[in-house]
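Engineer: So that we are looking at the same thing, I have put the structure below in C-alpha cells.
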Amino acid sequence: MPNLFIPESFEIPKSLDTEYFHFRVLEDEIAELDYEAVMSSQKRLQGIFGSGFEWPKSDMTLEDSAASLKIHKQEFESRQAFAYSVFNKSKNKCLGSVYIDPSQSQSYDCEVYLWVRDDSIALDKTLYQTVLNWLQKEWPFSKVAFPGRCISWEAWANELKVV
C-alpha cells in the first residue's frame with residue numbers, strides 16, 4: 001500500500017475563517033473571481049511555483065482557468081492535494097490561493113505555495129503566517145516546506161536531488 005499523504009482518519013478542513021481571510025476549496029464555482037485575481041497579478045505570479053513554471057500565461061482564458069480549478073477540486077476530493085481560494089473577510093473578493101501538496105522531498109511532509117493579488121500584497125506576510133499557524137495547529141504535518149519563500153529555489157532544487 002502506498003504511503004498516504006495524510007491519514008485517512010484526518011478530516012480535511014473545507015474552510016477557514018480568520019480576522020482577515022476566508023478560505024474555501026478552490027473549485028470551478030468561483031472561476032470568474034479567481035481568474036480576475038490571477039490575471040490582475042499575472043506578471044508577478046509567474047514563477048510562484050518555481051522558475052521553470054509559466055503559470056499564469058498572459059493568454060490564459062477563463063475556460064483554461066476553470067478547467068484547472070476542476071482539477072484542483074478533484075485532487076481535493078481524492079485527498080491527493082489541497083487547494084484553497086483565499087477571500088476577504090466579506091467573501092466578495094478573491095485575494096489569492098493556498099496550495100498544500102505532497103512533498104517531492106523525503107525531508108518534508110508537504111510543500112505549500114501561496115499568493116496574494118497585487119492590490120492586496122500588504123496581506124502577503126499575514127497570509128503566510130495564517131497558513132503556517134493553521135498547518136501547525138490543525139493539520140497532521142510536522143515538516144512543512146514553503147519553496148521560494150522559506151527555502152530558496154536553489155536550495156529546494158538541491159533538496160529534490162537528495163535520494
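Engineer: Over the chain, with every protein chain in place, what whole percent of the accessible area is carbon and sulfur at 1.4 Å, could you tell me?
Structural biologist: Using a 1.4 Å probe with all protein chains present, the chain comes out at 49 percent carbon and sulfur.
Engineer: Give the Rg/Rh ratio for the chain, taking Rg as the radius of gyration of the Cα atoms and Rh as the Kirkwood radius, to two decimals.
Structural biologist: Across the chain, the Cα-based Rg/Rh ratio is 0.94.
Engineer: Now, a different point. Would you mind checking segment 59-97 for residues with the amide N under 20 Å from a putative spin-label position 7 Å along Cα→C-beta of Gln129?
Structural biologist: Zone members listed by number: 86-90, 95-97.
Engineer: How many Å² of accessible area per residue for segment 4-163, probe 1.4 Å?
Structural biologist: Ligands and nucleic acids excluded, the result is 54 Å² per residue.
Engineer: Percent antiparallel among DSSP beta bridges with both residues in segment 15-163, to the nearest 5?
Structural biologist: Taking every DSSP beta bridge with both residues in segment 15-163, the antiparallel ones total about 90 percent.
Engineer: For an R0 of 30 angstrom, estimate the FRET efficiency from the Cβ-Cβ distance between Ile121 and Lys57 and round to the nearest 0.05.
Structural biologist: In this case the efficiency is close to 0.90.
Engineer: Same structure, new question: If I build a Gaussian network model for the chain, linking alpha-carbon pairs within less than 10 angstrom, which residue out of Asp64, Asp101, Asp109 has the largest mean-square fluctuation?
Structural biologist: Asp64
Engineer: For segment 1-115, what does the relative contact order come out to in percent, with C-alpha contacts under 8 Å and a separation of six or more?
Structural biologist: Result for segment 1-115 is 27 percent.
Engineer: Could I have the simple spin-label model distance between Leu4 and Thr18, label points 7 Å from Cα toward Cβ, reported in nm to one decimal?
Structural biologist: Each label point lies 7 Å from its Cα, and together they span 2.7 nm.
The values are calculated or read from the model by the stated rules, or taken from the named source; none is laboratory data. Fair warning: this is a prediction, and the values are worked out from it, not measured in the lab. Here Cβ is always computed from backbone atoms with ideal geometry, including for glycine, and neighbour counts include all displayed protein chains. Surface areas here come from the heavy atoms of the whole protein model, side chains and all, with no ligands, DNA or RNA. Shrake-Rupley method; radii C 1.70, N 1.55, O 1.52, S 1.80 Å.
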